[in-house]
Amino acid sequence: MTETVTPKIKMTGVRKAFGQKVVLDSFDLEVLPRESVVIIGGSGSGKSVSLKCVLGLLQPDEGVIEIDGVDVGKLSHSDREEVNSRIGMLFQNAALFDSLPVWENVAFGLIQGKQMARNTAKDIAIDKLAQVGLGADVAVLSPAELSGGMRKRVGLARAIAGDPDIIFFDEPTTGLDPIMGHMIDNLIVECVRNVGATALTITHDMPSARRISDRMAMLYKGKNIWQGPTANIDNSGNDYVDQFITGSAEGPITMEVFRP
Amino acid sequence: MSADGDTGGRAGPLELLRRVGAAILSFLEATGKLTVFAMTGISHCVRPPIYFRLIGQQMIDIGYYSLPVVGLTTLFAGMVLALQSYTGFARFSAEGAIPNVVVLSMTRELGPVLAGLMIAGRIGAAMAAELGTMRVTEQIDALETLSTNPFKYLVAPRLIAGVTMMPLLVLVGDIIGVFGGYIVSIYKLGFNASAYLQNTWEFLQVQDVTSGLVKAAVFGFLVALMGCYHGYNSRGGAQGVGAATTNSVVSASILILVFNYIITELFFAQ
Ligand SMILES: Nc1ncnc2c1ncn2[C@@H]1O[C@H](COP(=O)(O)OP(=O)(O)O)[C@@H](O)[C@H]1O
Ligand SMILES: [Mg+2]
């Protein structure tokens with residue numbers, strides 16, 4: 001890591017609690033430009049919360065979040081919107097607008113955020129849908145008519161529609177069959193490479209994490225307890241990471257399961 | 001049961017004070033949150049960009065599709081008003097006052113209040129359910145990541161449509177209600193048609209109608225505000241959305257009755 005490169009995303013000492021429950025506790029992470037980083041961690045460990053803090057959907061209680069070297073916690077609402085216009089996000093359950101047809105979902109950021117004409121935006125949307133393997137016939141359907149895998153792909157098309165610098169993926173493969181999951185992974189790798197974006201993905205699906213990441217970080221008890229290149233994940237020398245990737249019930253990670 | 005009684009007995013005056021204090025504090029907090037929400041919503045109604053397409057959609061939904069509900073409600077209200085006042089007034093040979101009673105009650109009170117309550121059930125509930133679902137399925141978060149302010153996109157169009165459409169609905173409701181009273185008076189109670197109409201107009205003042213329309217605008221605002229507020233802040237899946245829907249209807253209905261009194265006091269108290 002050279003000193004001169006400004007990280008695309010930098011989280012320093014981020015803390016977020018909901019009432020008594022501390023979800024993130026001095027969490028640190030750096031993502032370099034054009035890098036694909038995956039955060040792994042168990043369900044409910046605060047992975048989605050960490051992304052939402054970067055997006056400004058949640059305000060961290062403490063700590064600094066920088067995007068391109070700018071402290072986003074200090075931005076005005078309109079500057080924040082400008083930063084968000086360079087970020088694409090695929091939500092865990094796609095979060096498609098069910099009052100709008102598929103193409104308008106994909107074109108939404110272009111029409112509303114970038115004030116593009118509807119016809120131009122529609123052409124781009126159909127183009128992006130083709131990139132994720134969906135035909136123009138799907139464009140006019142409503143999100144309720146789609147299967148889970150198709151919804152994810154539409155969500156992906158919406159995330160890349162504005163050619164963002166940074167793309168977040170929240171559990172892109174969860175709830176999909178292995179083949180569809182593999183397809184989504186390939187699309188992610190392709191899309192990120194095509195638009196030359198920086199990607200931050202959160203998942204607990206290890207095969208998927210290996211396929212799409214350059215580097216991995218593990219979130220446990222609100223902290224980044226290990227990070228390193230994906231190639232090193234099997235000899236991390238970290239018991240927590242070892243337990244997580246083997247999925248063993250025995251180890252230092254204890255699930256909060258009540259035993260009578 | 002006896003255990004409950006014991007706890008109640010042990011809770012001394014201090015405990016009571018603590019509970020009352022906590023209730024007052026949480027009420028003040030909720031009022032503050034609601035006020036900030038309302039102010040933010042209003043400020044986005046006047047600042048560009050303004051989504052005319054969405055405002056139009058909401059106007060059609062509130063104004064046009066509510067016409068049957070409001071029309072039927074006010075029609076029967078006007079009819080029963082004529083019937084009931086006849087029973088009462090006939091004892092004092094004051095049947096001649098029926099046209100006035102019908103038109104004043106409709107324009108000042110029943111038109112706006114009945115329409116407001118029906119709209120709270122029809123529109124407020126739908127707004128809370130829609131925004132609540134959008135909240136729990138992260139669609140509102142998605143709006144923000146797509147550089148779209150949810151207040152501007154979701155709340156402002158509903159507030160604008162509520163404030164502008166309710167007076168129109170109430171105006172139509174007033175006319176239908178007076179017509180209902182007319183039908184009963186002419187065909188059932190045997191009034192003279194032209195005398196009835198003349199009596200209706202003679203005592204009606206502009207203020208009677210405008211006060212009703214001002215009420216309507218305020219009620220429209222309250223219904224849209226409560227629908228948006230409870231929907232926007234809903235939490236925790238389908239159950240949370242259900243609670244938001246119920247809360248929006250109940251709170252809007254209560255606020256309508258409270259503000260009905262306040263506005264009446266402002267217009268007519270000497
Ligand atoms: N808006 C919220 N209000 C209260 N608690 C929340 C909220 N969002 C998340 N949490 C809590 O934070 C914890 C982490 O959630 P999340 O980040 O969604 O987990 P995951 O790692 O599975 O994505 C969970 O225990 C959840 O209950
Ligand atoms: Mg999550």
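Give me the pairs, please: first residue somewhere in region A:1-30 and surrounded by 15 or more Cβ atoms within 10 Å (Cβ to Cβ), second residue anywhere and aromatic (F, W, Y), beta-carbon distance under 9 Å, and either six or more positions apart or on two chains.
Pairs that qualify, where the first residue is surrounded by 15 or more Cβ atoms within 10 Å (Cβ to Cβ) and the partner is aromatic (F, W, Y), are A:M11/A:F27; A:T12/A:F27; A:V14/A:F27; A:R15/A:F27; A:K16/A:F27.
Pick out the one residue from A:F18, A:F91 that is within 16 Å of ligand 1 (Cβ to nearest atom), of a type in the set (F, W, Y) and touching a helix residue (DSSP H, G or I) at 6+ places or on another chain (Cβ under 8 Å). Talk me through it step by step, then tell me what you get.
Working: A:F18 fails: touching a helix residue (DSSP H, G or I) at 6+ places or on another chain (Cβ under 8 Å).
Unique residue meeting the criteria: A:F91.
Among the numbered criteria (1) within 16 Å of ligand 1 (Cβ to nearest atom); (2) crowded, with 17+ Cβ neighbours inside 10 Å; (3) not acidic (D, E), which one does A:G175 miss?
(2)
So for region A:148-165 (the condition being more than 21 Å from A:A125 (Cβ to Cβ) and either in contact (Cβ under 8 Å) with a residue 12 or more places away in the chain or in contact with an Asp or Glu (Cβ under 6 Å, 6 or more places away or on another chain) (or both)), does at least one residue qualify? Spell out how you get there, then give the answer.
First, pick out the residues of region A:148-165 that are more than 21 Å from A:A125 (Cβ to Cβ): none.
No - not one qualifying residue is present in region A:148-165.
So, of the residues in region A:125-148 that are surrounded by 17 or more Cβ atoms within 10 Å (Cβ to Cβ) and small (G, A, S), which turns out to be nearest to ligand 1 (Cβ to nearest atom)?
Ranking the qualifying residues of region A:125-148, first place goes to A:A125.
Residues of region A:66-99 being in a helix (DSSP H, G or I), closer than 20 Å to A:L29 by Cα and either facing chain B (nearest Cβ under 10 Å) or aliphatic (A, V, I, L, M) (or both), which ones? Steps first, answer last, please.
If we filter region A:66-99 for residues that are in a helix (DSSP H, G or I), which is where we start, we get A:72-74, A:77-84.
Next cut, closer than 20 Å to A:L29 by Cα only: A:72-74, A:83-84.
Within region A:66-99, A:V72, A:V83, A:N84 qualify.
Condition check ((1) within 23 Å of A:F27 (Cα to Cα); (2) under 15 Å from the mean Cα position of the chain (by Cα)) across all residues:
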site	(1), (2)
A:T201	yes, yes
A:D205	yes, yes
A:S208	no, yes
A:W226	yes, no
A:N232	yes, no
A:D239	yes, no
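Looking only at region A:38-52, which residues are more than 9 Å from ligand 2 (Cβ to nearest atom) and within 12 Å of chain B (Cβ to nearest Cβ)?
Within region A:38-52, just A:K52 meets the criteria.
From the residues in region A:200-237 that are of a type in the set (K, R) and in contact with a strand residue (DSSP E or B) (Cβ under 8 Å, 6 or more places away or on another chain), which one is farthest from A:V189 (Cα to Cα)?
Step one: list which residues in region A:200-237 are of a type in the set (K, R), which gives A:210-211, A:215, A:221, A:223.
Now drop any that are not in contact with a strand residue (DSSP E or B) (Cβ under 8 Å, 6 or more places away or on another chain), which leaves A:215, A:221, A:223.
Details: A:R215: 14, A:K221: 29, A:K223: 27 Å.
It comes out as A:K221.
Let's see how each residue does on (1) within 16 Å of ligand 2 (Cβ to nearest atom); (2) away from chain A (no Cβ under 14 Å); (3) not in a helix (DSSP H, G or I):
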| residue | (1), (2), (3) |
| --- | --- |
| B:F221 | no, yes, no |
| B:H230 | no, yes, no |
| B:S234 | no, yes, yes |
| B:V241 | no, no, no |
| B:V250 | no, yes, no |
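Taking the options A:L129, A:L134, name whichever one is away from chain B (no Cβ under 13 Å), within 21 Å of A:F169 (Cβ to Cβ), among the hydrophobic types (A, V, I, L, M, F, W, C) and part of a loop (DSSP other than H, G, I, E, B). Give the steps one after another, and end with the answer.
Working: A:L129 fails: part of a loop (DSSP other than H, G, I, E, B).
None of the other options fit; the residue is A:L134.
Go through region A:30-65 and give me each residue that's within 11 Å of ligand 1 (Cβ to nearest atom), of a type in the set (A, V, I, L, M, F, W, C) and more than 10 Å from the chain's Cα centre (by Cα).
Within region A:30-65, A:I40, A:V49, A:C53, A:L57, A:L58 meet the criteria.
Only one of these conditions is not met by A:G44: (1) more than 24 Å from A:I233 (Cβ to Cβ); (2) surrounded by fewer than 21 Cβ atoms within 10 Å (Cβ to Cβ); (3) not basic (K, R). Which number is it?
Result: A:G44 fails condition (1) only.
Just name the residue that is farthest from A:I167 (Cα to Cα) out of those in region A:27-45 that are in a strand (DSSP E or B) and acidic (D, E). Talk me through it step by step, then tell me what you get.
Going through region A:27-45, the residues in a strand (DSSP E or B) turn out to be A:27-31, A:36-40.
Imposing the further condition that a residue be acidic (D, E) reduces the set to A:28, A:30.
Working: A:D28: 19, A:E30: 15 Å.
For region A:27-45, the residue satisfying everything is A:D28.
Go through region B:132-150 and report how many residues are more than 12 Å from chain A (Cβ to nearest Cβ) and of a type in the set (V, I, T). Spell out how you get there, then give the answer.
So the first thing to find is which residues in region B:132-150 are more than 12 Å from chain A (Cβ to nearest Cβ), and the list is B:132.
Going one step further and asking which of them are of a type in the set (V, I, T), we end up with none.
The total comes to 0.
Only one residue in B:A97, B:A129 is within 14 Å of chain A (Cβ to nearest Cβ), among the hydrophobic types (A, V, I, L, M, F, W, C) and in a helix (DSSP H, G or I), so which one is that? Steps first, please.
Numbers: B:A97 fails: within 14 Å of chain A (Cβ to nearest Cβ).
Residue meeting the stated conditions: B:A129.
Which one is nearest to B:P112 (Cα to Cα) among residues in region B:154-195 that are buried (at least 20 other Cβ atoms within 10 Å of the Cβ) and among the aromatic types (F, W, Y)?
Restricting to residues being buried (at least 20 other Cβ atoms within 10 Å of the Cβ) and among the aromatic types (F, W, Y), the top hit is B:Y182.
Kindly establish whether A:D239 is within 14 Å of chain B (Cβ to nearest Cβ), of a type in the set (D, E) and either under 24 Å from A:A107 (Cβ atoms) or more than 16 Å from ligand 1 (Cβ to nearest atom) (or both). Quick ask: steps written out before the conclusion?
Working: within 14 Å of chain B (Cβ to nearest Cβ): no; of a type in the set (D, E): yes; either under 24 Å from A:A107 (Cβ atoms) or more than 16 Å from ligand 1 (Cβ to nearest atom) (or both): yes.
Taking the combined requirement at face value, the residue does not satisfy it.
Tell me which residues, restricted to region B:70-97, are buried (at least 18 other Cβ atoms within 10 Å of the Cβ) and free of Cβ contacts under 8 Å to residues at least 60 places away in the same chain.
B:S85 - this is the single residue of region B:70-97 that is buried (at least 18 other Cβ atoms within 10 Å of the Cβ) and free of Cβ contacts under 8 Å to residues at least 60 places away in the same chain.
All of the numbers you see were taken from the coordinates with simple rules; none came from a lab. Just so it is clear, the structure is predicted and the values come from calculations on it, not from any experiment. Cβ sites come from the backbone with ideal geometry, for glycine too, and all protein chains shown count toward neighbours.
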